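Novice: Before I ask anything, here is the structure I am working with.
The values are calculated or read from the model by the stated rules, or taken from the named source; none is laboratory data. This structure is a prediction, so every number in the text was calculated from the model and none was measured. Glycine gets a Cβ as well: all are built from the backbone with ideal geometry, and neighbour counts include every protein chain shown.
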Amino acid sequence: MCWPGAPRATRGAWSRRSSRPACRDESASHLSGGEKQRLALARAIYKQARIVFVDEPTASLDAANRRKVIDLFAEFAANGRTVIVSTHDAEMINACDSRHQIGFSAA
């Protein structure tokens, strides 16, 4: 999938950061769930989104890719962006500046 009008350097940078090739010929409807998730992340990077909502962004990732995703969201936050994460991943939770538990009751 290509981003029309995006400079080659920009396309290459966000595709490397999201582990997604810069251009693919297939439609997003033909991508796997994980590929769609990476494509959405690549779009957020490319569009310089101010707010990013993610649900279980590290699910089914190996340790190296999990770390890349966590580092990417930490960089987003450090650059003044808001990242809202829903996760059960302890490593992701520990990387967050603030935490809010929902639906948890200490019995």
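Novice: For the range 51-85, how many residues are surrounded by 11 or more Cβ atoms within 10 Å (Cβ to Cβ) and over 15 Å from G34 (Cβ atoms)?
Specialist: The qualifying residues number 16.
Novice: Please go through the range 28-60 and pick out each residue that is in a loop (DSSP other than H, G, I, E, B) and at pLDDT below 85.
Specialist: L31, S32, S60
Matching residues to (1) closer than 22 Å to G103 by Cβ; (2) among the acidic types (D, E); (3) touching a Phe, Trp or Tyr at 6+ places or on another chain (Cβ under 9 Å):
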| site | (1), (2), (3) |
| --- | --- |
| A40 | no, no, no |
| I45 | no, no, yes |
| Q48 | no, no, no |
| D55 | yes, yes, no |
| L61 | no, no, no |
| N65 | no, no, no |
| D71 | no, yes, no |
| A78 | no, no, no |
| V85 | yes, no, yes |
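Novice: Something else about it: Select from the range 40-85 the residues that are closer than 27 Å to S27 by Cα and hydroxyl-bearing (S, T, Y) and list them in ascending order.
Specialist: Passing the criteria: Y46, T58, S60.
Novice: Of everything in the range 86-107, what is surrounded by 13 or more Cβ atoms within 10 Å (Cβ to Cβ) and closer than 16 Å to Q37 by Cβ? Give them in sequence order.
Specialist: Listed by number, the residues that qualify are T87, D89, M92.
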